[in-house]
1. At q = 0.20 Å⁻¹, what is the base-10 log of I(q)/I(0) for region 146-225 according to the Debye formula with one equal point scatterer per Cα and no solvent? Please give it to two decimals.
2. Can you tell me the relative contact order of region 138-220? Whole percent, Cα pairs under 8 Å, sequence separation 6 or more.
3. Using the 10 angstrom Cβ neighbour count as an exposure proxy, how do MET160, MET41, MET167 rank, fewest first?
4. Measure out, as a whole number of angstrom, how far apart the alpha-carbon centroids of region 48-120 and region 175-191 sit.
5. Pairs LYS89/LYS190; LYS190/LYS218; LYS89/LYS216; LYS206/LYS227; LYS89/LYS218: which are spaced more than 23 Å apart, C-alpha to C-alpha?
Amino acid sequence: MRKQKESQAAALRSGQWLTSTVTGQQRCRVGAPGRLRSELMTILQSDAEAVVSAADAHLLLTQGEYLALNRLEDPEIRVATLIDMVLAKGDQAHQLFLDCLSNLCFTFPALEPIIMGLQTGFQADVAIPRPGAQTGGPVSAEGGHFVDRHRAELIQRVSMVDGVLDMLCGTVLDNEQYQSIRAERSNLEKMRKLYELMPSWNRGCKDRLYQVLKAKHKFLIEELEGK
C-alpha cells in the first residue's frame with residue numbers, strides 16, 4: 001500500500017496525472033475519457049453511504065457538501081455527484097480520494113485494479129467527457145452556450161427539476177441556493193429561479209447544467225440541439 005501511494009504521489013509530481021509521455025510526445029491516456037468512471041461507480045454505489053462517510057473522514061467534503069450528498073436518495077447519483085465534487089477540487093483532492101479508495105479496498109475488493117488504473121489518470125478516467133468533444137457541443141460557433149440559447153424552452157419544458165437540482169447541489173449550487181429553489185411551488189418557478197443565478201456562473205457551471213439536463217431529459221436536449 002505504501003508503494004502504491006508513493007507511485008500516486010510521483011505521478012502527481014511528474015505531471016502524469018492527466019497525461020503520459022510516449023516517444024517524446026505528450027498524448028492522452030490510452031482509452032476513452034471516463035473509461036473507468038462506470039466501473040468505479042458500479043462498485044461504489046453498492047454502499048454509497050459508506051463511501052461518502054469515508055470521503056468526509058478524509059476531509060474531502062465541507063459540511064454543506066456532506067449534507068447535500070446525504071440528501072440524494074439514488075446511490076448512483078450520490079456517487080456520481082461525489083466524484084464530480086472531487087474532480088472540481090484539483091490534484092490534491094484527487095490524491096486524497098485515491099487514498100480514500102485504497103482504504104476502502106477491504107470493503108470493496110474489486111477496487112484494487114481500478115485504483116491501479118487511476119494512478120496516472122484520475123481526471124481523464126473518471127471525468128464525464130466534455131460535452132461536444134465529438135460534436136458541436138453546448139457552445140455554438142458564435143460562442144453562445146446551449147443553456148443560454150435555449151433559456152425559454154428549458155424553463156418551460158424541463159419537468160424533472162428536483163432531480164436536476166439534486167445533481168447540481170454541492171457542485172454548482174450551495175445548500176442555501178438549493179433549498180431556496182426547491183421551495184418554489186412549480187417546475188416553471190424553480191427553473192426561473194435557477195436561471196436567476198446564472199449571471200454569476202462560469203463556463204464550467206453551465207457545462208455541468210448541460211450534462212445534468214442531458215442525463216435527465218435526453219430527448220428534449222437532442223431536440224433542441226437539432227434546431
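Computed from the coordinates by the stated procedures, all read-outs in this text should not be read as laboratory data. Please read all numbers here as calculations on a predicted model, not as lab measurements. FYI the Cβ positions are ideal-geometry reconstructions off the backbone, even for glycines, and counts take in every protein chain you see.
1. The calculated log intensity ratios at q = 0.20 Å⁻¹ are -0.84.
2. Working: 53 pairs, mean separation 32.0, N = 83.
In percent, rounded to a whole number, it is 39.
3. Working: MET160 14, MET41 19, MET167 24.
By the 10 Å Cβ count, ascending: MET160, MET41, MET167.
4. Their Cα centres are 27 Å away from one another.
5. Working: LYS89/LYS190 28 Å; LYS190/LYS218 20 Å; LYS89/LYS216 25 Å; LYS206/LYS227 19 Å; LYS89/LYS218 28 Å.
Checking Cα-Cα distances, LYS89/LYS190; LYS89/LYS216; LYS89/LYS218 exceed 23 Å.
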